[in-house]
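Shown next, in structure tokens, is the structure this report addresses.
The values are calculated or read from the model by the stated rules, or taken from the named source; none is laboratory data. Since the model is a prediction, treat every value here as computed from it, not as a measurement. FYI the Cβ positions are ideal-geometry reconstructions off the backbone, even for glycines, and counts take in every protein chain you see. In case anyone asks, the SASA skips ligands and DNA or RNA and just uses the protein heavy atoms, side chains included. Shrake-Rupley method; radii C 1.70, N 1.55, O 1.52, S 1.80 Å.
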Amino acid sequence: MNEANQDVKLGVNIDHIATIREARGTDEPDPVFGAYLAELGGADCITVHLREDRRHIQDRDVIILRQTVSTRMNLEMARAEDVVEVALKIAPDQATLVPERREEVTTEGGLDVAAEKSALMDLVKRLKEVGTSVSMFIDPDHAQIDASRDVGADAVEIHTGTYANAQNPDDRQRALQEIMKSAEYADSVGLTVLAGHGLTYRNVRPVVEIPQVVELNIGHSIVSRAAFVGIERAVREMKELLKR
Ligand code: PXP
């Protein structure tokens, strides 16, 4: 499943368009319109996180996006029953299971799949029954990859936060090596390899060079750039950096 010669696909996380809307509690900017423009800019997938506290993306957004997204829709979700209900109702193309803590500013680490195996196995099965493929957002760790395969996941999204937040070149290189080893191992056990979190126009290239990585999910950096140049152009510029 080595995709080394193909460009890396781009999932655009549009949560922060909804963050701006929720700051005023009005109806703009609409993430549905943002998704449409991101697709015009070349997004291969639209990613949204329906958080338990509904701090940005709302149920209304995922229901409409399911009907309007013309590429693929990836729903990030924790194992909260009301969120699972929405997921099973809309049946996104893909669900990414993430850990969630109410007090966090953003997702802080990977899901501990190994510790929640039986509950996750059941959830993966329910999602697959409605035709949704399932990805696990995990830290670069072989045990989590084994557990992801064991619960029936189709893919893993390797958490790139440690790499992105590294404060010096040595730490950054070490974190990159961990991602590379995990990507190779996940691919070898038959899982599709995605990656994301904290990636920017400046730090994305070394991750693009990892041959097993087929898709990246990027949000904050693209929406930040979009504030200055518009989301269509911001996506197009990121797509350029994902070429191999
Ligand atoms: N992947 C997952 C699983 C995430 O939770 C997030 C943040 O919502 C992202 C990717 C995108 O991260 P960022 O906004 O830092 O690009």
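Diffusion coefficient of the stretch 86-184 by Stokes-Einstein, Kirkwood radius over Cα pairs, 37 °C, 0.692 mPa s: 230 µm²/s. Using a probe radius of 1.4 angstrom, the carbon and sulfur fraction of the accessible surface of the stretch 112-207 is 48%. Rounded to the nearest Hz, the phi-derived 3J(HN,Hα) couplings of the stretch 233-244 under the Karplus curve 6.51 cos²θ - 1.76 cosθ + 1.60 (θ = phi - 60°) are 5, 4, 5, 4, 5, 5, 4, 4, 6, 9, 6, 10, where x marks glycine and proline.
Using Cβ point charges alone (K and R +1, D and E -1), the dipole size of the chain about the Cα centre works out to roughly 540 debye.
Extension gain for Asp59-Ser224 works out to 57.0 nm (0.36 nm per residue, less the C-alpha to C-alpha distance). Note on the chain: along the principal axes its Cα atoms extend 45, 39, 33 Å, ordered by decreasing extent. Using only alpha carbons, the stretch 1-115 has a radius of gyration to Kirkwood radius ratio (Rg to Rh) of 0.97. Taken per residue, the accessible surface of the stretch 101-213 reaches 47 Å², heavy atoms only and a 1.4 Å probe. In this structure, the pairs whose alpha-carbon distance is over 30 Å, taken from Lys117/Lys181; Lys9/Lys125; Lys9/Lys89; Lys89/Lys181, are Lys89/Lys181.
For the stretch 61-103, the spherically averaged projection of the C-alpha convex hull amounts to 3.2 nm². The alpha carbon centroids of the stretch 45-76 and the stretch 186-217 are separated by 22 Å. Couplings 3J(HN,Hα) of the stretch 72-79, computed from phi: 9, 10, 10, 9, 7, 7, 9, 8 Hz, in residue order, whole Hz [Karplus 6.51 cos²θ - 1.76 cosθ + 1.60, θ = phi - 60°; x for Gly and Pro]. The listed peptides 156-167, 110-121, ordered by packing as a protection proxy, come out as 156-167, 110-121 (highest mean of other Cβ atoms within 10 Å first). Computed from phi, the 3J(HN,Hα) profile of the stretch 28-41 under the Karplus parametrisation 6.51, -1.76, 1.60 (θ = phi - 60°) reads 9, x, 8, x, 5, 5, x, 5, 4, 5, 4, 5, 4, x Hz, with x in place of Gly and Pro. Highest-first packing order for the peptide set 39-48, 21-30 is 39-48, 21-30, based on the mean count of other beta carbon atoms within 10 Å. Surface exposure of the stretch 8-74, expressed per residue as accessible area with a 1.4 Å probe, stands at 42 Å². Stokes-Einstein diffusion for the stretch 1-50 at 10 °C, viscosity 1.306 mPa s, with a Kirkwood radius from C-alpha pairs, works out to 131 µm²/s.
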